[in-house]
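K.L.:
My structure is below; once you've seen it, I'll send some questions.
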Amino acid sequence: MRENKNMSESPSQAGKEIPAKKQKLSSDENSNPDLSGDENDDAVSVESGTNAERPDTPTNTANAPGRKSWGKGKWKSKKCRYSFKCVNSLRVTLYECHSQGEIRLLQSYVDADADENFYTCAWTYDTNTSHPLLAVAGSRGIIRVINHITMQCIKHYVGHGNAINELKFHPRDPNLLLSVSKDHALRLWNIQTDTLVAIFGGVEGHRDEVLSADFDLLGEKIMSCGMDHSLKLWRINSERMQKAIRGSYEYNPSKTNRPFVSQKIHFPDFSTRDIHRNYVDCVRWLGDLILSKSCENAIVCWKPGKMEDDIDHIKPNESNVTILGRFDYSQCDIWYMRFSMDFWQKMLALGNQVGKLYVWDLEVEDPHKAKCTTLTLPKCTSAIRQTSFSRDSSILIAVCDDASIWRWDRQR
Amino acid sequence: MAPHKQSSSGGSHPVGFGSGGKANGLYQSSSAVMAAAKKPNMQLIQADHELFLQAFEKPTQIYRFLRTRNLIAPIFLHRTLTYMSHRNSRNNVKRKSSKVDNLLFKVEKMRGEQETHSLTSNLQLTFTGFFQKAGKPSQDSENEQNSVSLEVLLVKVCHKKRKDVSCPVKQVPTGKKQVPLNPDTSAGVQAKTGSFPSLLVPSIEFEPSNSHMVKSYSLLFRVSRPGCPRTQINGLANGENHHSRDFSEEVVNRKRRSSSLREEGETTFVAQMTVFDKNRRLQLLDGEYEVSMQEMEECPVNKKRATWETILDGKRLPPFESFSQGPTLQFTLRWTSDSTDRSTAPVAKPLATRNSETNQDTRPSTLRATHTLAVKESLNADVQTRREQILAEPRQKLRIFYQFQYNNNTRQQTEARDDLHCPWCTLNCRKLYSLLKHLKLSHSRFVFNYVPHPKGAKIEVSINECYDGSYAGNPQDIHSQPGFAFSRNGPVKRTAVTHILVCRPKRTKPSLSEFLESEDGDREQQRTYISGHNRLYFHSDCCLPLRPQEMEMDSEDERDPDWLKEKTVKQIEEFTDVNEGEKEIMKLWNLHVMKHGFIADNQMNEACLLFAENHAAVIVKHSLCRNFLLHLISMHDFNLISTLTINQAMARLRLLQSQAAHGDGEEDEEEEEEDWETAVESQPELDPDPDPDPSEYKVCSDETSNGCLENGNQQEGS
């Protein structure tokens, strides 16, 4: 087992390659917890504080390329502190980034079911109490919402027929949660009223696992992608969806005996298979443009329709796409590798399967000439599945298959 | 009284070989049957004990847990069970004579009585002493302080009002006293009775206050002992418990660490006793009491979050060992009518348990603040059982031998008890029949067989292999937000779907013979009984759990699902060889057919008329009349409808048209008329099929009007 418990610093090596950045190796939790008592039948058992003397038994060592048996992590900033979260087999761990490169373990949550394997997480907040909330989901297809202030799992949503690959919150409505699943569909939940607003999928939906999805900046549309090589656009500013969202807020299960009727959106508002020739495992909006990647060593920047077409007037049967640019890299041909952008959409980061980190500075005149910086470390050699920037893009966190977390601080 | 007290049974049996260190109290004084013969070596016994634990430890833990939970949040009351009817002190004699009209009068009378009761009696507390075992005998520490300061508070838990989150609690200080610390109970107590500190709680305090309805009263004792070296307690426990697992050692260490962090100031011990419970029943009768005190941690636990969950490892906390181990407060309680009468304070006799060293395996009292609730509860239970015993009829000497069989019934251990308490939940069953019935029904993880015994009864206990441990509760609870395990805060209402089925089977006369090991039908008996509606359904379209209220609605109606409608519309939209008007009619028509599920040719007449009826407005609005007519005619060409139908359908449209045109003026109508003409004229041109003979039309229409079946057959044949 990897034992990178102590924060070992190797600024010298890093310093040679990229003088601007320094790196820290942080601790990680990949030990096997044995506190899952059989009495808590449907709960996430809570465990907090640092527990250094836990026995570390290897849980997930098999990570054959292309299969999901790794931890994926991401962070989001919270208030003035930097607190990020790493989901890791059946464990959800909360860390906090301090200045001076320190990473402190705050809390760790373990699912009661030993078969659970968390894949993804997303931050939001409670609109009543302003508590930060954390939604996590994984192989069992159950979404759990954790309030780390009260240290409780406050909600859970059952419904997806299979594993959940990504969770996203609406950029403007903190109660709307989007989940994408192996069951070929996306679901939009209202976590305030515990209603399922809509299911995106079916007749013309994805024909295989949905791997990733993203809301656009205003939360008017969703772009999803999956194993069927396709990217699909779902508008949620349509009258039908707006009505459904309003209805979900008005629905009160204690006042009515009728179930809330979820919208079944079978027909995307745009769909293409022309961008990638393989699993599309990550998609993000960049303004009205779309960044997406497959396991073909390139992130493609494209837009639906012709160059001059407006994204909001694209017809569902539009067959044209315009590719605007590519960000090339190497040794990243396994799937489930996520790139990330900072909040201001000026930095783009992606790790590859040998532990190399590519960072593009998008703040240039010509997007073709985006500056690429490669961050490498001798010790970081396994696939970096996920990356994440802090809100002010000063810190970059990378999470590896060997359950290590790497923190890069920007120094200029 | 409780299974933890081994002294009652231990003496009469071959002494265990000391391997019981890890066992919890119940199996302490077990005797291996084989062991009686020779002196087996320790390893064998250890192995045997391991087997024993393997078999019985887990279910016992579960039943212990359930016992505690049932004390805190009862699911049912034992006294309501038929076989426990003797526990029910209520009788229904008065029921016949009671009248509704008298209710108010009765209540008023009762209230009056209560008030007079509380008015006349003040609660007098005389404190004998505060006992805390220290590492050294107290006489060595002469120069140490020999009294502690005690504060008595009256806690009033008021009724929760709608706006309140939790029950409002009022604490009324009743006084502070210096209480002797570890007084020498063996000598000269009687002589000094008068000098014991005494406190009086005036009766006015127990009167209902006007702002809040007080639900229950309880006494809160708070003892602060200045400069008490905390580590001493832990040190003692640690020293005594040589074979304690390192886990507990670690706890002790942690405690030590935390205590060293704190300043060497006061240590506060608390205990709480209920005076009046929420039914305004007096819980504390006159008598001598010894209260086990708990050390107060600095972080008081939110009452809401202090649930029974945390007490789980309570097996290391037998409630009665706290009396011999932990700090206790002794006092005499009296209800007096005269507040000035202090000299006649009752004599406090030393309690026997205090100094009698039992050879019990004392465990470190690893109490944390979260345990206090449990301790309180067990304390209450203790008081209750104490009272129970007083009330119970003179006990007949009945010895119950529990014979634990394990390892495929090849081994057994026996434990004897002199009372009829359930060994798992300490419930006093009072009768052998009730005990057996209780064991069988409440502890179905075990199999109990009754064997008559000259001295009493023998109960064979073995593991029930057929026990179905799956979740037997309401499946709705699992899916409710935020999860049943977190939300359960006392008894909960069952879902609306649960219907109560009343079944009155013929009760057999209670007989001990029903517990004898039966030869046949054994399986039947061991099965757990599950009642209620335990099935959960899911919506077929979104896989969400179905609420019981939603069961009447069918979410599975799939004749014309929305997606299929949308798909149809989209596909028609993609046609390139038809014009927009035709597309519209095609969409309308196809959805119409889909909705009503027309499948046969002979339904077409009806279908067309219904279509005209339903969609006339849309057709007129979008000026699709000619397209519709074209459609009708081509259907006629295929021998599907008669001309009569065409006429009727178009008449319907025209009626609507004329109504619509009425406001617009007559020009429109003429125009429409013209349209119609042209439509008829243009029909043969548009029709791709070879023109059918007009005469044929007639024949067909006749046929269809005469007999639809023939028409259908003909169509199929051609």
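The values are calculated or read from the model by the stated rules, or taken from the named source; none is laboratory data. All figures in this text were calculated on a predicted structure; none of them were measured in a lab. Cβ coordinates were reconstructed from backbone atoms using ideal geometry, including for glycine residues, and neighbour counts include every protein chain displayed.
K.L.:
Taking region A:217-240, which residues are small (G, A, S), closer than 16 Å to A:P304 by Cβ and in a strand (DSSP E or B)?
P.N.:
A:S224
K.L.:
When you check A:S271 against the structure, is it among the hydroxyl-bearing types (S, T, Y), buried (at least 19 other Cβ atoms within 10 Å of the Cβ) and under 21 Å from A:A185 (Cα atoms), yes or no?
P.N.:
yes
K.L.:
Between A:E239, A:E308, A:E250, A:E318, which is over 20 Å from the mean Cα position of the chain (by Cα), within 14 Å of another protein chain (Cβ to nearest Cβ) and of a type in the set (D, E)?
P.N.:
A:E318
K.L.:
Let me ask you something else. Given the structure, is B:G25 at pLDDT below 85 and touching a Pro at 6+ places or on another chain (Cβ under 6 Å)?
P.N.:
yes
K.L.:
Go through region A:92-107 and give me each residue that's out of contact with any Asp or Glu (no Cβ under 6 Å at 6 or more places or on another chain), closer than 23 Å to A:S139 by Cα and in contact (Cβ under 8 Å) with a residue 60 or more places away in the chain.
P.N.:
A:Y95, A:Q107
K.L.:
Inside region A:148-164, can you point out the residues that are within 16 Å of A:T93 (Cβ to Cβ), surrounded by fewer than 23 Cβ atoms within 10 Å (Cβ to Cβ) and within 14 Å of chain B (Cβ to nearest Cβ)?
P.N.:
Within region A:148-164, A:M151 is the sole residue that qualifies.
K.L.:
Sticking with this one: Within region A:158-212, which residues are part of a loop (DSSP other than H, G, I, E, B) and small (G, A, S)?
P.N.:
Selection gives A:G159, A:G161, A:A163, A:A185, A:G201, A:G202, A:G205.
K.L.:
A:S230 passes all but one of (1) buried (at least 19 other Cβ atoms within 10 Å of the Cβ); (2) among the polar types (S, T, N, Q); (3) within 14 Å of chain B (Cβ to nearest Cβ); which number fails?
P.N.:
The failed condition is (3).
K.L.:
Further question: From B:N579, B:N639, B:N614, which residue is among the polar types (S, T, N, Q) and touching a residue at least 24 places away in the same chain (Cβ under 8 Å)?
P.N.:
B:N639
K.L.:
Could I ask something else about it? Could you please let me know if B:R507 is at pLDDT below 75 and among the basic types (K, R)?
P.N.:
No: the conditions fail for B:R507.
K.L.:
Go through region A:216-237 and give me each residue that's farther than 24 Å from A:R277 by Cα and not charged (D, E, K, R).
P.N.:
Result: A:L217, A:L218, A:G219, A:I236, A:N237.
K.L.:
Regarding A:E239, is this residue out of contact with any strand residue (DSSP E or B) (no Cβ under 7 Å at 6 or more places or on another chain) and of a type outside the set (A, V, I, L, M)?
P.N.:
For A:E239, the condition - out of contact with any strand residue (DSSP E or B) (no Cβ under 7 Å at 6 or more places or on another chain) and of a type outside the set (A, V, I, L, M) - is met.
K.L.:
Mind listing whichever residues of region B:133-150 are surrounded by fewer than 22 Cβ atoms within 10 Å (Cβ to Cβ) and at pLDDT 60 or above?
P.N.:
If the condition is that a residue be surrounded by fewer than 22 Cβ atoms within 10 Å (Cβ to Cβ) and at pLDDT 60 or above, then B:K133, B:Q145, B:N146, B:S147, B:S149 are the ones that fit.
K.L.:
Could I ask something else about it? Consider A:R144 against the criteria (1) of a type in the set (D, E, K, R); (2) over 21 Å from A:F267 (Cα atoms); (3) away from chain B (no Cβ under 14 Å): it satisfies all of them except one. Which criterion is unmet?
P.N.:
(3)
K.L.:
Given (1) surrounded by fewer than 19 Cβ atoms within 10 Å (Cβ to Cβ); (2) among the small types (G, A, S); (3) over 25 Å from A:L218 (Cβ atoms), where does A:S294 come up short, assuming only one miss?
P.N.:
Exception for A:S294: condition (1).
K.L.:
Of the residues that sit in region A:99-127 and are at pLDDT 90 or above and more than 25 Å from A:L396 (Cβ to Cβ), which one is nearest to the other protein chains (Cβ to nearest Cβ)?
P.N.:
A:D126
K.L.:
To continue, here is another question. A:H170: out of contact with any helix residue (DSSP H, G or I) (no Cβ under 7 Å at 6 or more places or on another chain), touching a residue at least 24 places away in the same chain (Cβ under 8 Å) and crowded, with 24+ Cβ neighbours inside 10 Å, yes or no?
P.N.:
no
K.L.:
Turning to a different aspect of this structure: Quick check on my filter: what residues within region A:169-204 are out of contact with any Ser or Thr (no Cβ under 8 Å at 6 or more places or on another chain) and more than 12 Å from chain B (Cβ to nearest Cβ)?
P.N.:
Answer for region A:169-204, where residues must be out of contact with any Ser or Thr (no Cβ under 8 Å at 6 or more places or on another chain) and more than 12 Å from chain B (Cβ to nearest Cβ): A:H170, A:P171, A:R172, A:D173, A:L176, A:L178, A:S179, A:K182, A:H184.
K.L.:
Surrounded by 18 or more Cβ atoms within 10 Å (Cβ to Cβ), aromatic (F, W, Y) and more than 27 Å from B:K570 (Cα to Cα), is that true of A:Y249?
P.N.:
Taking the combined requirement at face value, the residue does not satisfy it.
K.L.:
Exactly one condition in (1) modelled with pLDDT of 90 or more; (2) crowded, with 23+ Cβ neighbours inside 10 Å; (3) over 23 Å from A:A213 (Cβ atoms) is false for A:A403; which is it?
P.N.:
All conditions pass for A:A403, except number (1).
K.L.:
Just one of the numbered conditions (1) in a loop (DSSP other than H, G, I, E, B); (2) surrounded by 16 or more Cβ atoms within 10 Å (Cβ to Cβ); (3) within 14 Å of chain A (Cβ to nearest Cβ) is not true of B:F598; which one?
P.N.:
Exception for B:F598: condition (3).
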